[in-house]
Every structure is written in structure tokens, then in C-alpha cells.
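A.B. asks: What follows is a single structure, and I will ask about it in a moment.
Here, each number is a calculation from the coordinates, and none is a lab measurement. Predicted, not measured: the structure shown is a model, and the values here were computed from it. All Cβ positions, even for glycine, are placed from backbone atoms using ideal geometry, and neighbour counts span all protein chains on display.
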Amino acid sequence: MELLVTWQDVGSEGYTSVIPENLFERDGRVQHDIVGPKGGKYAAVCDVVTEAGLVYLNYAPYEAKNIGHHYCGTLRLAFGDAHRRGMPEVTWKGELGNSFERLAPPPLLRWQASQLDAAMTPFEPAGIEDARKRTLRAITDRRGQSTFRKSLMNVYGDKCAVTKCNEQAVLEAAHIVGYKGDHTNHVQNGLLLRADIHTLFDLHLLSIDPTTWEVVLQKKLQKGPYGKLCGAVIARPSEAEHCPNTEALRGHLEELKRLDV
């Protein structure tokens with residue numbers, strides 16, 4: 001499998017880093033492809049360091065090799081667990097930066113089967129079932145760890161807090177403050193959201209005003225099909241101790257406002 005990171009920020013827009021999953025298996029110097037907006041392919045060299053669910057790709061030592069198609073700095077991929085499954089949170093620290101920061105707008109992420117593996121591997125019917133299991137595992141990871149999701153399903157009455165959708169197959173456990181370990185799997189740091197709303201929430205295209213409990217959308221979503229959600233009051237658990245933490249929501253809303261330019 002390959003993780004595709006398509007950059008959207010000024011200067012890198014349209015470039016896609018193609019990062020094979022096997023790069024996460026060992027530390028050291030590695031090379032991966034970057035595909036340009038017009039299909040050109042370049043090689044990027046970096047040092048990989050792994051720490052449980054974190055993967056660091058440091059391009060700074062190879063400035064001379066990467067110049068012209070890659071910034072100097074360190075890319076950090078923060079996965080939900082030590083198995084490095086699902087979609088990571090992507091942050092970047094420039095060569096002279098002191099901390100990792102989210103990019104605005106954030107890059108687009110997706111997994112795809114390695115083209116080389118697909119071309120070189122004979123067709124095996126048994127592999128179809130293996131692929132299905134991997135897909136189901138990815139869906140499970142995306143929904144949220146089972147205990148966390150079950151807790152949110154219970155306190156939100158098996159309904160999306162925003163849309164009131166009660167189709168359990170598409171309900172996911174969303175973290176308000178991104179996953180940083182088991183201590184962040186707290187019901188006050190979660191919302192039960194329909195899958196598409198979860199994506200909008202994670203991208204800070206949609207947030208919740210902790211004063212009014214109303215849905216807030218970035219301007220670019222307000223005139224589209226999601227516009228009808230703007231100003232809607234979310235459903236909240238009946239018990240106050242299960243309600244979302246207002247400070248966490250305030251921080252999430254402030255990030256939406258910062259990105260809404």
C-alpha cells in the first residue's frame with residue numbers, strides 16, 4: 001500500500017508525495033516519489049524515524065538532492081496507534097521551525113495499492129478476501145476504537161449529533177482534540193458523527209460553537225449542500241458530564257476561523 005499526500009498549500013499545490021507503507025518498517029535513509037501537477041515524477045530523499053504511532057520524514061539533510069521540488073523540513077505522520085493504520089494527522093516543521101504545525105489548507109490523504117506490487121504479484125483469489133479484511137479493518141479504525149465508539153453511541157442514543165442520522169453503519173467516533181493516546185478517548189473529547197460530517201469536522205470545514213451549540217461552517221461550504229446545517233443546534237447527551245468539553249470545542253472553532261480565509 002502507498003499513502004498519497006496531495007499538498008494544497010501555496011507553493012506545493014498539486015504535488016503528491018507517494019509514500020510506500022514499507023518505509024515505516026525501519027529507520028534510516030529512504031527515497032520516495034513525488035508526482036507533479038502535470039504528471040512529472042521526482043525522487044525525494046529523507047531520513048525516517050519511527051516512534052510507535054508517529055513517523056517522521058526529515059528532508060533537511062538532503063537539501064541539495066531535494067531542491068526544486070521539495071521544501072526542507074520534517075513531515076510528521078501521527079497515526080491512531082502503534083500499528084500505523086488508518087489516516088494519519090499530517091503536520092510539518094520547517095528547517096528553522098520550533099514546532100510541528102498543520103498546513104492550511106490541509107493536504108488530501110488516501111491509501112492506494114502499490115502499482116508495482118499489483119503489476120508483479122500474480123492474481124490470487126484468496127488475496128481478494130485479504131484485501132476485504134484490510135478494508136474492513138480500515139473502516140473500523142476510522143470509526144474509532146471500539147470502546148470509545150460504543151461510549152459515544154450510548155450517550156448520543158445511536159444518532160449523529162449533527163444530522164440525527166441513526167444508521168449505525170455510517171456513525172463514527174470523532175475526536176475533538178486529535179488522538180494522542182488512550183487518555184484522549186474520553187467521552188467529553190468526542191462527538192458521534194456521520195462519516196461525511198466526521199471528515200468535514202477533521203478538516204475544520206465544520207465546527208461547533210460551544211456557547212450556542214450551533215453548527216459553524218467555513219464560508220465555502222455555506223452555499224453548497226451542507227449549507228442547511230449552518231446554525232443547526234447539535235444533539236447533546238442528557239447527562240452534563242457526558243457533554244463535549246467546551247474548551248476543546250472552542251479550540252476547534254478557532255482553528256476553523258483561522259483557516260477560513
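A.B. asks: Grab the Cα-Cα distance for Asn154 and Ala43, subtract it from 0.36 nm times how many residues apart they are, and report the gain in nm with one decimal.
C.D. replies: Contour length minus Cα-Cα distance gives 35.1 nm.
A.B. asks: Express in nm, to one decimal, how much length is gained between Thr184 and Glu63 on full extension, taking 0.36 nm for each residue of separation and deducting their alpha carbon distance.
C.D. replies: In short, 39.9 nm is gained.
A.B. asks: Could you list Ser238, Ser99 in order of exposure, starting from the residue whose Cβ has the fewest other Cβ atoms within 10 Å?
C.D. replies: So the ranking, lowest neighbour count to highest, is Ser99, Ser238.
A.B. asks: Within region 161-175, what residues put their amide N at less than 18 Å from the label point 7 Å along the Cα-to-Cβ vector of His242?
C.D. replies: In region 161-175, the label zone of His242 (backbone N under 18 Å from the point 7 Å along Cα→Cβ) covers 161-168, 171-175.
A.B. asks: Along the charge dipole of region 2-117, pointing to its positive end and built from +1/-1 on Cβ of Lys, Arg, Asp and Glu, which listed residue (Gly80, Leu57, His32) has its Cα farthest out?
C.D. replies: His32
A.B. asks: I've got another one for you. Assign one of three labels to region 2-117, namely rounded, prolate or oblate, based on the Cα gyration tensor with a ≥ b ≥ c the square roots of its eigenvalues; rounded applies when a/c is under 1.5, prolate when it is not and a/b is larger than b/c, and oblate otherwise.
C.D. replies: It is rounded, given that a/c, with a ≥ b ≥ c, falls under 1.5.
A.B. asks: Taking θ as phi - 60°, what are the ³J(HN,Hα) couplings along region 167-174 by the Karplus curve (6.51, -1.76, 1.60), each to the nearest whole Hz, with x for Gly and Pro?
C.D. replies: Running phi through 6.51 cos²θ - 1.76 cosθ + 1.60 with θ = phi - 60° gives 7, 4, 4, 10, 8, 10, 8, 9 Hz.
A.B. asks: Order by neighbour count: Glu241, Glu255, fewest other Cβ atoms within 10 Å first, most last.
C.D. replies: By the 10 Å Cβ count, ascending, the order reads Glu241, Glu255.
A.B. asks: If the cut-off is a Cα-Cα distance under 27 Å, which lysines reach Lys219, setting aside same-chain residues fewer than 8 apart in sequence?
C.D. replies: Here the lysines satisfying the reach criterion relative to Lys219 are Lys159, Lys164, Lys228, Lys257.
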